[in-house]
Amino acid sequence: MTRHFLEISDLSVEELHVVLGLALEAPKPLLLGQGVALLFEKPSARTRHSSEMAVVQLGGHPVTVSAAEVDLDRRESAEDVARTFAQYHEVIGARVFDHQVLVRMAAALDAAKLDVPIVNLLSDEAHPCQAIADVLTLQETFGADLVGKTVTYVGDANNVTKSLALALVAMGMEVRIAAPVGYQFGPEVLAEIAAYAIEAGAGGSVVQSDDVKAMANGTDAFYTDVWTSMGQEAEAEQRRRDFADYCVSEALLDQAPGAYVLHCLPAHRGEEIEASVLESSQSLVWRQVFHRRTAMIGILSFVLQHRGAA
């Protein structure tokens, strides 16, 4: 059965631990002489470099494709692009605006009985590759057992936050989301995260509040992201006003002395994070960047090892 990887919850909790383990093993030549298609509708720095180098380290050849080359659903349907790439490549990674494009690509391959997994390199609903890198970073910092640790996410509860929360509750962590009303998760997303936490059975949980100071008190690590993501540029001014009190600042860190700081990048210094905090000794940002590559090795190794399995 082809194992597509569109969101953290596509993995059982046991499989999530397998991916984390594979990420830290010496890469095996699983792609020797084979290709991986990497489709980018959105610009990319870390995702492209980490994905390409992970493919190389697994012995394969990455072929990066820009949006202009395929013009999804205008020049050619997402289904046809997926079926075309599947004739040449062992895996298809895609960074898209609309998550449903990934769902459609996976469904088209399954219907055609083409055993080629789709890996979500980012969509409007999820960023699971980033979440794997974040868990690896936290385990490197705190140790493999993260049960009982707390991460406070400050800012817009978005695609990054959702994948992060799923991964962290599976590790038995408490996820606190400090966001203005209107920028928090709705009941459906909270229910999905809670169900995954129950499956894990490690005591993980998620809570939300617009009181950033209360959420920050005693946390082990802060996490933030840009206030305005790609595709939301028209909302930028309103978002700056709404998030004015949600900056990961030195003053906020005073609520939790010794807490670490994470950011998935790119960073807007002086908005969601103070420059001094991003560059401080408490910042784990560059280890997150490092682990984007190890995360991709783990993800690709997992989906490749399941090709052809019943």
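No lab work stands behind these numbers, since they all come straight from the coordinates. These numbers were taken from a predicted model, which means no experiment stands behind them. All Cβ positions, even for glycine, are placed from backbone atoms using ideal geometry, and neighbour counts span all protein chains on display.
Using DSSP to call loops (not H, G, I, E or B), can you name the trypsin sites (Lys or Arg not before Pro) in segment 79-143 whose Cβ has at most 10 other Cβ atoms within 10 angstrom? Let's see the in-between values first.
Working: sites: ARG83, ARG95, ARG104, LYS113; in loops: LYS113.
Here the trypsin sites (Lys or Arg not before Pro) that fit, given the DSSP loop and packing criteria, are LYS113.
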Taking the chain as the reference, fit the longest principal axis to its C-alpha atoms, fit the long axis of helix 187-200 to the helix C-alpha atoms, and give the angle between the two in degrees, 0 to 90, nearest 10. 80 degrees
SER66 to ALA244: extension gain in nm, 0.36 nm per residue of separation minus the Cα-Cα distance? 60.6 nm
Classify segment 130-289 from the C-alpha gyration tensor, please: rounded if a/c falls under 1.5, else prolate or oblate depending on whether a/b exceeds b/c. oblate
Select from ALA267, ALA170, ALA94 the residue whose mean-square fluctuation is largest in a Gaussian network model of the chain (Cα-Cα springs shorter than 10 Å). ALA267
Under unit Cβ charges (Lys, Arg +1; Asp, Glu -1), what dipole magnitude, rounded to 20 debye, does segment 91-135 have relative to its Cα centre? 160 debye
Between the Cα axis of helix 128-142 and the main Cα principal axis of the chain, the angle (0 to 90°, nearest 10) is 50 degrees
What value, in deg cm²/dmol to 500, does the helix sum -39500 (n - 2.57) over DSSP H runs of n ≥ 4 give at 222 nm once divided by the residues of the chain? -12500 deg cm²/dmol
Using a cut-off of 11 Å between beta-carbons, work out the net charge of the residues near ALA295 (Lys and Arg +1, Asp and Glu -1, ALA295 not included). +2
Multiply the residue separation of GLU279 and ARG307 by 0.36 nm, subtract the distance between their alpha-carbon atoms, and state the gained length in nm to one decimal. 5.9 nm
Simple SL model, points at 7 angstrom along Cα→Cβ for ALA144 and ILE198; separation in nm is 2.9 nm
Dipole of the chain, positive direction: furthest Cα of ASN217, ILE8, THR150, with charges on the beta-carbon: ILE8
